[in-house]
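Engineer: Below you'll find the structure I mean.
The values are calculated or read from the model by the stated rules, or taken from the named source; none is laboratory data. Not measured: the values here are computed from a predicted model. All Cβ positions, even for glycine, are placed from backbone atoms using ideal geometry, and neighbour counts span all protein chains on display. All accessible areas refer to the heavy atoms of the entire protein, side chains included, with ligands and DNA or RNA removed. Shrake-Rupley method; radii C 1.70, N 1.55, O 1.52, S 1.80 Å.
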Amino acid sequence: MRTRRIGDVEVSAIGLGGMPMSIEGRPDEARSVATIHAALDAGVTLIDTADAYHLYAGEVGHNESLIAKALASYAGDTDRVLVATKGGHLRPGDGSWTVDGSPQHLREACEASLKRLGMESIGLYQFHRPDPRVPYAESVGTLVELLDEGKIRMAGISNADPQQIRQAKEVLGGRLVSVQNQFSPRFRSSEPELDLCTELGIAFLPWSPLGGIGRAGDLGSGFTAFAEVAKAHGCSPQRVCLAWLLAKSPVVVPIPGASRPETIRDSATAPDLELSAEELARLDAAR
Ligand SMILES: NC(=O)c1ccc[n+]([C@@H]2O[C@H](COP(=O)([O-])OP(=O)(O)OC[C@H]3O[C@@H](n4cnc5c(N)ncnc54)[C@H](OP(=O)(O)O)[C@@H]3O)[C@@H](O)[C@H]2O)c1
């Protein structure tokens, strides 16, 4: 698989998003482990997760534990796999999502993620979502401390606007390596953040790159240009979508979610799909 960079780490150009394996509609554990193993077999070396990817109140970190288990039982080498997790989002167990960006919570969350992942240091730790009750610099400042203490190797942010990206970069003293925002054919309002990441040389990880769980399968019917380009190449509209995202900027590293081996296998082939300038312009214009 072709590679891209997050900070000083080389990662596969397509990562695996872990969320569909742990929230509503999740599969059984055996299928999830098979999905993660299929990703590794396909050359994926970036797995995105979060402590908040769980369903019930008493199982915070369900997805992190699953990933740790799948990595431990993988027959091949996992040394080069970067697990990117997040803190600052919570799921009380009633289906809702809440935020807590306080330094105390982020510290406790990071410690708990470290234990679940069975690591001495988290490869990439991302502040999941700004908390309006906590000054942004305070939340990001906790990442500085965690970096300095060696609890995390790299720091990223998620769901940030351009001003927050600049602020995080300043607070982190240039050690901000990634921004994870929503971006897909359906949701394009993070163009300014993507442009800023390109300018600053910071990795941009589009989340829900295929339109999100429950919508991703229908990508081609909602956006017919993706289906038409896919037909011309004899591949899936989802593969076209990921290749289109990769072509947007060298800092882009999409993290499509999967709960089945087939889907991540297909997504992992996207970096090999070359789209012409004309096709890219057509996909850009498809709304
Ligand atoms: N930072 C944040 O706030 C935030 C928010 C949401 C998500 N995320 C992250 O971003 C990741 C991706 O987002 P997402 O999972 O919400 O949405 P997504 O990647 O747009 O869609 C996920 C769905 O796409 C299907 N899929 C994947 N590859 C496919 C292919 N090649 N062909 C057909 N279907 C395919 C999967 O189906 P199957 O389930 O059938 O395999 C999966 O359920 C998440 O897993 C999570 O790690 C972050």
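Engineer: In Å², what does the accessible area per residue of the chain work out to with a 1.4 Å probe?
Structural biologist: Spelled out: the 1.4 Å probe surface of the chain, per residue, equals 41 Å².
Engineer: Residues with amide H under 5 Å of Gln182's amide H, sequence separation 5 or more or different chain, H placed in the peptide plane at 1.01 Å from N; which?
Structural biologist: Asn159, Trp207
Engineer: Right, here's the next one. Could you check which residue among Met154, Met119, Met19 shows the biggest mean-square fluctuation in a GNM of the chain with a 10 Å Cα cutoff?
Structural biologist: Of Met154, Met119, Met19, the most mobile in the Gaussian network model is Met119.
Engineer: For region 1-52, I need the span (max minus min coordinate) of the C-alpha atoms along each principal axis, in Å, sorted largest to smallest.
Structural biologist: 34, 24, 11
Engineer: Now, a different point. For a protection proxy built on the mean count of beta-carbon atoms within 10 angstrom, sort 56-62, 274-280 highest first, please.
Structural biologist: In descending order of packing, they fall as 56-62, 274-280.
Engineer: A further question follows. Pick out, from Gly123, Tyr56, Pro135, the residue whose Cα sits farthest towards the positive end of the charge dipole of the chain, with +1 on the Cβ of Lys and Arg and -1 on the Cβ of Asp and Glu.
Structural biologist: Sorting the options by dipole projection puts first Tyr56.
Engineer: Can I ask one more? Report ³J(HN,Hα) in whole Hz for each residue of region 11-21, in order, from the Karplus equation J = 6.51 cos²θ - 1.76 cosθ + 1.60 where θ = phi - 60°; Gly and Pro get x.
Structural biologist: Karplus values, whole Hz, x for Gly and Pro: 10, 4, 5, 10, x, 10, x, x, 4, x, 8.
Engineer: Here is a follow-up. For region 170-287, taking Cα atoms only, what is the radius of gyration to one decimal and the Dmax to the nearest whole Å?
Structural biologist: In order Rg, Dmax, the Cα atoms of region 170-287 give 14.3, 47 Å.
Engineer: Once neighbouring chains are kept in place and the probe is 1.4 Å, which whole percent of the accessible area of the chain is contributed by carbon and sulfur?
Structural biologist: Solvent-exposed carbon and sulfur of the chain make up 49 percent of the total.
Engineer: Students often get this wrong, so check it: of Lys69/Lys248; Lys169/Lys248; Lys86/Lys248; Lys69/Lys151, which have C-alpha atoms separated by over 31 Å?
Structural biologist: Going by Cα-Cα distance, Lys69/Lys248 fall outside the 31 Å limit.
Engineer: Give the residues of region 233-274 whose amide nitrogen is closer than 16 Å to a point set 7 Å from the Cα of Asp28 in the direction of its Cβ.
Structural biologist: 260-261, by backbone N distance to the label point.
Engineer: Compute the label zone of Thr3 within region 104-127: residues whose backbone N is under 18 Å from the point 7 Å along Cα-to-Cβ.
Structural biologist: 123-124
Engineer: Would you mind putting 101-114, 31-44 in packing order, based on average other-beta-carbon counts within 10 Å, highest first?
Structural biologist: The most tightly packed comes first, giving 31-44, 101-114.
Engineer: Given points 7 Å out from each Cα along the Cα-Cβ axis, report the Glu108 to Ala277 separation in nanometres with one decimal.
Structural biologist: 5.6
Engineer: Principal axis lengths of the chain from Cα atoms, whole Å, largest first?
Structural biologist: 52, 42, 37
Engineer: If the reach is capped at under 20 angstrom between alpha carbons, list the aspartates and glutamates near Lys231, excluding any in the same chain fewer than eight residues apart.
Structural biologist: Asp218, Glu262, Asp266, Asp272, Glu274, Glu278, Glu279, Asp284
Engineer: Here's a follow-up. Of the listed peptides 249-256, 184-191, 20-27, what is their order by residue-averaged count of other C-beta atoms within 10 Å, with the highest listed first?
Structural biologist: Packing proxy ranking, top to bottom: 249-256, 20-27, 184-191.
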